[in-house]
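Have a look at the structure below before the remarks.
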Amino acid sequence: MLGSKKSVFGSAADTTLVSRETVVVGDIHFSGNLEIEGLVQGNIIARPDADAVVRVVDKGRVEGEIRAPNVIVNGAVEGDVHSTQHLELAAKGRVQGNVYYNTVEMSAGSEVNGSLTHLEENVASPMQAANSAASEEEAGKAVPTKVDRITRN
C-alpha cells in the first residue's frame, strides 16, 4: 500500500512536505497530509477533528511523538506513535517507542521496539484525551504549523 498511486488515505490536496535535506526543530500541528522525508525533532500532532495522514518515508526520521488518525512508517520514529484509525508499518519502518493503534498493518521486516497497545473504538485513546482540551479551545480556528527552526543542509 505504501507508495501506491491509489491510497485509501486522503488526497494530494493539503499536503505538507518536509524534504530530504530539511531539519525541523519543534512541534508540528497540522491537518491533511504530512510527508516526512527529512528530520523532524519534535512532536507531530494532527488536528483532533481532521482525517489526517502522516507518512514517514524510508529516509525520513522523527524524534518525538506522532499523534494522528492515520500513520504510515517506512522510516524511523524515536518516540511513541498514537494512531486512532490505521497504522501501517512498512518493510523499512522502525519505531523505537510504544505504539497505540486501532488497526495495524505490519510488513515483513518492520520493527517495533516498545509495546503495542490496541485502542478500543469507543474508548477515548490517550491521543483523544490529550487533544480534547485543545479541540475545544481551537474550535473553528485553523491550527497553524509552529516551527522553532528549519535548517537546510
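Given H placed 1.01 Å from N in the peptide plane, which residues other than close sequence neighbours of Val112 have an amide H under 5 Å from its amide H? Counting only residues 5 or more places away or on other chains, the set is Val95. Note that the stretch 46-63 has calculated 3J(HN,Hα) couplings of 7, 4, x, 9, 9, 8, 8, 10, 10, 10, 9, 6, 4, 9, x, 8, 10, 10 Hz, one per residue in order, obtained from phi through the Karplus relation 6.51 cos²θ - 1.76 cosθ + 1.60 (θ = phi - 60°); glycine and proline are x. Does the stretch 14-127 classify as rounded, prolate or oblate by the C-alpha gyration tensor (a ≥ b ≥ c root eigenvalues; a/c under 1.5 gives rounded; else a/b over b/c gives prolate, otherwise oblate)? It comes out oblate by the Cα gyration axes.
Our estimate of slack between Thr22 and Ser115, defined as 0.36 nm per intervening residue step minus the Cα-Cα distance, is 30.5 nm. Backbone phi angles across the stretch 25-36, fed through the Karplus curve with coefficients 6.51, -1.76 and 1.60 (θ = phi - 60°), yield HN-Hα couplings of 10, x, 6, 10, 10, 8, 9, x, 10, 10, 9, 10 Hz in residue order; Gly and Pro are listed as x.
Values in this text are rule-based calculations from the coordinates and carry no lab data. The structure presented is a predicted model; accordingly, all values stated were derived computationally and were not measured.
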